[in-house]
Amino acid sequence: MFFIKQELPINRQIRAKEVQLIAETGEKLGVVALNVAIEKAEEKKELPRTYHLSKKYNDAIKLYDELLVVDKNDYNVLFNKAIALHALGSYESAIEIYKNLYAQRTEPKVREYLSKAYIAQGDVFMKNGQQKKALNCYQEAASVNLNDPSAYKSLAQVYDNMGSKNKALEQYEKALEINPDDKDTVVELSLIHI
């Protein structure tokens with residue numbers, strides 16, 4: 001699993017300045033109390049990560065939600081919650097969070113996970129025979145991450161299923177441009193030509 005590290009949020013920077021001010025004025029007890037509060041907050045963030053890494057996603061999400069009550073804009077907590085939702089198959093909820101995070105910062109990992117969530121949601125639509133919805137998801141995945149060969153392979157497969165052989169060929173070729181060593185794509189492309 002991937003966890004994003006970020007710079008100290010403004011409220012933590014303010015707390016650090018408060019600690020420095022308290023130390024300068026000699027109020028040692030205030031420093032100790034503030035340090036304990038900061039340590040407890042960090043400990044609270046570790047528990048959902050532990051659940052997350054042990055694949056207890058529902059428990060992790062509950063704890064991420066508790067943390068978000070304290071700071072609803074905590075980028076790391078939101079990202080990790082989205083990953084847990086994604087793992088549970090709650091793609092729409094995960095996509096919504098990924099999109100909001102990506103709008104804040106164009107982190108490559110967020111873009112990668114957003115693309116994967118669109119593909120996973122598209123796969124569900126394909127299994128349910130909803131090819132147009134799947135097509136939309138795969139197109140979103142390709143637009144979010146232009147270097148994801150999986151998005152183009154998925155587009156090729158849905159176009160092939162819809163009978164659009166030329167569009168399927170184009171998408172397989174794009175996938176091969178990105179990853180020329182992908183033998184599965186080469187085989188699938190050759191089957192289109194038959």
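The values are calculated or read from the model by the stated rules, or taken from the named source; none is laboratory data. Quick caveat: nothing in here was measured; it's all calculated off a predicted structure. All Cβ positions, glycine included, derive from the backbone under ideal geometry; neighbour counts span all protein chains shown. Ligands, DNA and RNA are stripped out before the accessible areas are found, and what is left, the full protein with its side chains, is counted by its heavy atoms. Shrake-Rupley method; radii C 1.70, N 1.55, O 1.52, S 1.80 Å.
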Exercise for review: Quick one: count up the residues across the stretch 130-146 that are of a type in the set (A, V, I, L, M, F, W, C), part of a helix (DSSP H, G or I) and open to solvent by 20 Å² or more (accessible area, probe 1.4 Å).
Suggested key: 2
Revision key, fill the gap. Selection from the stretch 174-194 of residues part of a helix (DSSP H, G or I) and either acidic (Asp, Glu) or open to solvent by 50 Å² or more (accessible area, probe 1.4 Å) (or both) yields Lys174, Glu177, Ile178, Lys183, Asp184, Val186, Val187, Glu188, Ser190, Leu191, His193
Exercise for review: Only one of these is acidic (Asp, Glu) and at pLDDT below 50: Glu27, Glu46, Glu18. Name it.
Suggested key: Glu27
Exercise for review: Specify which of the listed residues (Ala87, Ala60) is of a type in the set (Gly, Ala, Ser) and closer than 12 Å to Tyr113 by Cα.
Suggested key: Ala87
Exercise for review: Could you grab the pairs with beta carbons closer than 9 Å, sequence gap of 6+ or different chains, first residue in the stretch 53-71 and over 16 Å from Ala87 (Cα atoms) and open to solvent by less than 30 Å² (accessible area, probe 1.4 Å), second one of a type in the set (D, E, K, R) and modelled with pLDDT under 85?
Suggested key: Leu67/Lys44; Leu67/Lys45
Study note, to complete from the structure: Exception for Lys133 within (1) touching a residue at least 12 places away in the same chain (Cβ under 8 Å); (2) within 26 Å of Pro108 (Cα to Cα) falls at (1)
**Study point:** Answer residue from the stretch 80-138, given it is among the charged types (D, E, K, R) and closer than 21 Å to Tyr159 by Cβ and is nearest to the chain's Cα centre (by Cα) among those
**Key:** Lys116
Review point. Is the stretch 178-188 home to any residue that is modelled with pLDDT of 90 or more, of a type in the set (Ser, Thr, Tyr) and in contact with a helix residue (DSSP H, G or I) (Cβ under 9 Å, 6 or more places away or on another chain)?
Key: no
Point to revise | Looking only at the stretch 72-106, and only at residues there that are more than 24 Å from Val124 (Cβ to Cβ) and outside any helix (DSSP H, G or I), the one that is most open to solvent (accessible area, probe 1.4 Å) | key: Lys72
Study note, to complete from the structure: Counting only residues that are within 23 Å of Glu112 (Cα to Cα) and out of contact with any Lys or Arg (no Cβ under 6 Å at 6 or more places or on another chain), the stretch 150-167 contains a total of 8
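Could you please let me know if Lys127 is open to solvent by 60 Å² or more (accessible area, probe 1.4 Å) and closer than 27 Å to Tyr102 by Cβ? So that I can check it myself, show each step before the final result.
Working: open to solvent by 60 Å² or more (accessible area, probe 1.4 Å): yes; closer than 27 Å to Tyr102 by Cβ: yes.
The answer is yes for Lys127.
In the stretch 147-168, what count of residues is obtained for those that are assigned to a helix (DSSP H, G or I), touching a residue at least 24 places away in the same chain (Cβ under 8 Å) and not basic (Lys, Arg)? Outline the logic, then answer.
Let us first name the residues in the stretch 147-168 that are assigned to a helix (DSSP H, G or I), namely 149-161, 165-168.
Now drop any that are not touching a residue at least 24 places away in the same chain (Cβ under 8 Å), which leaves 149-154, 156-161, 165, 168.
Next, only the ones that are not basic (Lys, Arg) stay: 149-152, 154, 156-161, 168.
Adding up the residues that qualify gives 12.
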Review point. Within the set of pairs 6 or more residues apart or between chains, which connect a residue that is on the phi > 0 side of the Ramachandran plot inside the stretch 87-111 to a residue that is open to solvent by less than 90 Å² (accessible area, probe 1.4 Å) with Cβ atoms less than 6 Å apart?
Key: none
